[in-house]
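Since the structure comes first, as structure tokens, the remarks are kept for the end.
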Amino acid sequence: MHTKHFSPLLSGLSGLAFLVGIAFAGGQAFAQGGLGNITVTPTRIVLEGRARSGTIALANTGAKKATYRLTVINMRMNETGGFEQIEEGQARPGEQFAEGLIRYAPRQVTLEPGETQIIRIAARKPAGLAAGEYRSHLVIRAVPEAGAGRSIEQKSGEGVEISLAVIPGVALPIILRHGDVSAKASLSDITYDPPPMTSGRAGASLTFRLNRAGGSSIYGDLGATYFAPESDEGVLVSEVNQLAVYTPNDHRIVTMSLTFPEGLEPQSGGKFVVIYRTPPKDGGNTIAEGEYRIQ
């Protein structure tokens, strides 16, 4: 099996070495590099019900004219939220991809500094399509100009010098839901790691399982609140926004770093309450909730 893991990776192109930085983000994505900076809004498209099309705004935030190429790839999420590219024929049971079910245009654009291009995406559902959620990722990468970078084996003094040109890029999920699909979420196995004795209040964290069940992915914002013993007034100590668990995964391991305000020391008998909510634009409704009481 050949898979491509999407943290920044090296890719050899035409005998040159390029660094490909792929950003996965919610709300708004940024990618910076020597071949052109880009901003993409939004970074998630869901096509369901009557919403059979959507748009993405791609902006060149760099100082030079740049060309960007758009491609669709299939990706798998692991239990800690990382991604790997799936080649043809490597799908696992339950993985359904939108690659052949969407159209998008344009597929390549050239933008002057500060210029924005609207990318249009539309569903293309064939007759007899089985109910379910289908997901692929739209990858937007800067196209290197001819001669960008230098030879990977260019000699410098007594050794060999490797020169890297940075290719910025972003990957955003395109989700198509067909038929009656839904999902439920829950939180389990919450553990608290207190700060190290030598770090004051820094370094504390909560780790837990964010569980998913049903026919669609889950997506929302996490907040962790600390309540002192016998107190009904909590203090927000951590937030993680735009966090998803994609099908067919049934869970994701999440670690939230905690920040305590000056003077607050977690005590035995106090508790942390973690709430997973839909994003504010979707109502901010509670999807799942869990708590951990300090012993």
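Taken together, the values in this text are just the output of simple stated rules run on the coordinates, not laboratory data. Nothing here was measured: the structure is a model prediction, and the numbers come from that model. Cβ atoms come from the backbone with ideal geometry, glycine included; neighbour counts cover every protein chain shown.
Averaged over residues, the count of other Cβ atoms within 10 Å places the peptides 122-128, 289-295 in the sequence 289-295, 122-128, highest first.
By the beta-carbon count within 10 Å of each Cβ, the least crowded to most crowded order of 233, 112, fewest first, is 233, 112. When 219, 68 are sorted by how many other C-beta atoms sit within 10 angstrom of their C-beta, beginning with the fewest, the order is 219, 68.
Is the shape of region 194-235 rounded, prolate or oblate, going by the alpha carbon gyration tensor and its root eigenvalues a ≥ b ≥ c, with a/c under 1.5 for rounded and a/b larger than b/c for prolate? Since a/c reaches 1.5 but b/c is at least a/b, the shape of region 194-235 is classed as oblate.
In this structure, the residue pairs whose Cα-Cα separation is over 30 Å, taken from 184/271; 65/125; 65/281; 64/281, are 65/125; 65/281; 64/281. Highest-first packing order for the peptide set 46-54, 203-211 is 203-211, 46-54, based on the mean count of other beta carbon atoms within 10 Å. Annotation for region 249-295 versus region 113-133: alpha-carbon center distance of 34 Å.
If you stretched the chain out fully between residue 182 and residue 124, how much longer would it get, using 0.36 nm times the residue separation minus the C-alpha to C-alpha distance?
18.8 nm
Amide H contacts of residue 43 (H built 1.01 Å from N, in plane; Pro and chain starts excluded): 27 sit under 5 Å, all sequence-distant by 5 or more or on other chains. As a calculated quantity, the FRET efficiency between residue 78 and residue 241 at R0 = 22 Å, using C-beta atoms, amounts to about 0.60.
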